[in-house]
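Nothing in this text is a laboratory measurement; each read-out follows from the coordinates by a stated rule. The shown structure was predicted, so the numbers you read here are calculated from the model rather than taken from an experiment. As a convention, Cβ positions derive from the backbone with ideal geometry for all residues, glycine included, and neighbour counts pool all protein chains shown.
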Amino acid sequence: MTMLAFTVPGVPVPQGSKRVVQGRVIDANAKRLKPWRATIADAASRERQGRTITGCVRVDVVFVLPRPRSHYRTGRYAGQLKPNAPVYCETRPDLDKLLRSLLDGLTDSGLIYDDDQVVELVARKHYGSPAAHIELRELG
């Protein structure tokens, strides 16, 4: 059974919202999405070491997003978190759209041949230093 764990640095970018521009349908985050998926693919490629997982896969991922300025105090206590600042990100981006970009990036890397191999998925998003912490486990 194969188990890989790695971190993808940077602000996670969602995939899935579409808009129409001059009669063409494009992804709303196209400019940021392409580099994010490439970063995922690079990190996964370094871990895969030429292997492709062909069986069922469990993916555990934590998306860490930057805090908005409204979570911080001002004045003399600038830079300190407010006491009521949340730990988990309850706002955009949507978790399912973050997963879409992650799974497509893993497929782009060749670590898995298709995202339909993922049969178990555990995901969460919270605030901190922006990154995605990923653990893949090949199941039986």
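For the range 109-118, how many residues are assigned to a helix (DSSP H, G or I) and surrounded by fewer than 16 Cβ atoms within 10 Å (Cβ to Cβ)? Residues that pass the stated criteria total 1.
Working only within the range 12-46, note down all residues that are outside any helix (DSSP H, G or I), in contact with a helix residue (DSSP H, G or I) (Cβ under 8 Å, 6 or more places away or on another chain) and of a type in the set (A, V, I, L, M, F, W, C).
So the first thing to find is which residues in the range 12-46 are outside any helix (DSSP H, G or I), and the list is 12-29.
Subset that is in contact with a helix residue (DSSP H, G or I) (Cβ under 8 Å, 6 or more places away or on another chain): 12-17, 27.
If the condition is that a residue be outside any helix (DSSP H, G or I), in contact with a helix residue (DSSP H, G or I) (Cβ under 8 Å, 6 or more places away or on another chain) and of a type in the set (A, V, I, L, M, F, W, C), then 13 is the only one that fits.
Restricting the first member to the range 43-65 and to residues that are without any contact (Cβ under 8 Å) to a residue 24 or more places away in the chain, and the second to residues that are surrounded by 12 or more Cβ atoms within 10 Å (Cβ to Cβ), the beta-carbon pairs closer than 9 Å and six or more apart or on different chains are 50/110. Output yes when any residue across the range 102-123 is touching a Lys or Arg at 6+ places or on another chain (Cβ under 6 Å) and among the small types (Gly, Ala, Ser), and no when none is. Yes, there is a match, as at least one residue in the range 102-123 is touching a Lys or Arg at 6+ places or on another chain (Cβ under 6 Å) and among the small types (Gly, Ala, Ser). Taking each residue of the range 115-140 that is more than 14 Å from residue 13 (Cα to Cα) and free of Cβ contacts under 8 Å to residues at least 24 places away in the same chain and looking for partners that are of a type in the set (S, T, N, Q) and outside any strand (DSSP E or B) with beta-carbon atoms closer than 8 Å, six or more apart or interchain, yields 115/107.
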